[in-house]
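Please read the structure below before turning to the comments.
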Amino acid sequence: MSPAAPVAAAIDDTLGAFCADRPVQIAGAASGPLAGLRCGVKDLYHLAGHGTGFGHPLWLGSHPVPEATALAVQRLLDAGATVVGKTVCDELCYSLNGVNQHYGTPVNSNAPGCIPGGSSSGSASAVAGGLVDFALGSDTGGSVRVPASYCGILGMRPTFDAVPLDGAVPFAPSYDTAGWFAATPEMLLAVGRVLLADAADAPRAGPLLVATDAFDRADPAAAAALRDSLAGIGSAFDGSRPVTVAPDGLDAWMNTFRVLQGAQIWATHRDWLASLGPDFGAGIRERFQWVSTITADMVAQADAHRLRITAGLDALLQGNAVLALPTTPGGAPLLGTPVPVLEAWRNRALGLLCIAGHAGLPQINLPLAQVDGRPVGLSLVAARGNDLLLLDLACRLRHALRTGPVRPSA
């Protein structure tokens, strides 16, 4: 590792994006592809000498301070980036809302009065508000893609296992991935090359496959806005055609995801949950109660279904094909939306988000549309290993993105 650069000035966090109880400043190497850039790190990645909270004060208090830094974070530091803070996440990252009863709700600068999305809420908020150049998150069921869509920024969920999660708190291990946010496609690509440790040339995209059943799951206004945006990006692909992603229905795919994710969460964290009995906010509390009821038969059926889903997606995405779908059903819900409404919205979103998750596919959120003043993201999904294809595509499509001018870091 190169000598460290001078530590940047402390963040003036007016957005509630950072963990105020644990200020962090770690200088990166003096030179490298990310030298001079400032990043936030989601509070499930270990930083040597700094407690990991995982979105809950009881988790923070019941686990030792890490002695080693997560490998993904170390790659960023070695490339020159400076970590300027740990970012807020939902309680044990089991939410897509970004509302944490212990640590608050980070501000969504691009949709005032709306939730930021979660669970990588602070990371998305910090990027959207210009506090950092980029931020590290994680994505199991949509925790990068949802806040990227709601906050109107770029977000990348990589191929499963493409970015190491050594030194990150596990959640549902066969779905867990890293993920990152940026305000420009060039920044997203630069960070991606470091995290993926891949300097190869990006392959060119094949055909664009428009997921009709996924568009049907979105709100009509959001679906229409995103369909309109497709006309502006078609030249980057080798033709376009409509497809049905889930012949047996996206609700069935969503239910399979919920069972498998829930069973893995319970297997990973049941001892801690049972021994300490932590308090959770509404919605999260009920989900943790439910995961303890999942049976072995439910898991076996879901595992078999996931194998069929994966085989179908592998066949669909041959030849560098790219699948287009709404990232979320629509723009960010308002702050204070009743929990039952948010839970119904979550299930609609999971029907879109589980597509890439089941098969371990890379997915990128592009801020291509707005509805009623709220960002709405279009997602592109590619075959496993085609991460650079998606990151390069975002750069080729920069003319269509609703990113606005780049804001300098604070």
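General remarks:
- Listed by first and then second residue, the pairs linking a residue in the range 134-150 that is among the aliphatic types (A, V, I, L, M) to a residue that is assigned to a loop (DSSP other than H, G, I, E, B), with Cβ atoms under 6 Å apart and 6 or more places separating them unless they lie on different chains, are VAL144/SER120; VAL146/LEU96; VAL146/GLY117; VAL146/THR328.
- Considering the range 287-300, the residues that are assigned to a helix (DSSP H, G or I) and without any contact (Cβ under 8 Å) to a residue 40 or more places away in the chain include one that is farthest from GLY249 (Cα to Cα), namely GLN289.
- Residue in the range 331-338 that is hydroxyl-bearing (Ser, Thr, Tyr), modelled with pLDDT of 95 or more and within 19 Å of the chain's Cα centre (by Cα) present: no
- Residue check for ILE233: out of contact with any Gly (no Cβ under 8 Å at 6 or more places or on another chain), within 21 Å of SER119 (Cα to Cα) and hydrophobic (A, V, I, L, M, F, W, C): no
- Residue ranges of helices (runs of 4 or more DSSP H) in the range 54-130 with at least 2 members crowded, with 24+ Cβ neighbours inside 10 Å and touching a residue at least 24 places away in the same chain (Cβ under 8 Å): 71-78, 121-128
- Qualifying residue in the range 313-324 (condition: over 20 Å from PRO242 (Cβ atoms) and either out of contact with any helix residue (DSSP H, G or I) (no Cβ under 7 Å at 6 or more places or on another chain) or touching a residue at least 60 places away in the same chain (Cβ under 8 Å) (or both)): no
- Sole exception among (1) crowded, with 16+ Cβ neighbours inside 10 Å; (2) within 24 Å of the chain's Cα centre (by Cα); (3) assigned to a helix (DSSP H, G or I) for PHE280, by number: (3)
- Qualifying residue in the range 135-142 (condition: more than 22 Å from GLY51 (Cβ to Cβ) and not in a loop (DSSP other than H, G, I, E, B)): yes
- Checked against (1) under 20 Å from LEU368 (Cβ atoms); (2) over 12 Å from the mean Cα position of the chain (by Cα); (3) crowded, with 24+ Cβ neighbours inside 10 Å, VAL144 meets all criteria but (2).
- Picking from residues in the range 385-402 that are assigned to a loop (DSSP other than H, G, I, E, B) and surrounded by fewer than 19 Cβ atoms within 10 Å (Cβ to Cβ), the one that is modelled with the lowest pLDDT is ARG402.
The values are calculated or read from the model by the stated rules, or taken from the named source; none is laboratory data. None of these values were measured; they are calculated from a predicted model. FYI the Cβ positions are ideal-geometry reconstructions off the backbone, even for glycines, and counts take in every protein chain you see.
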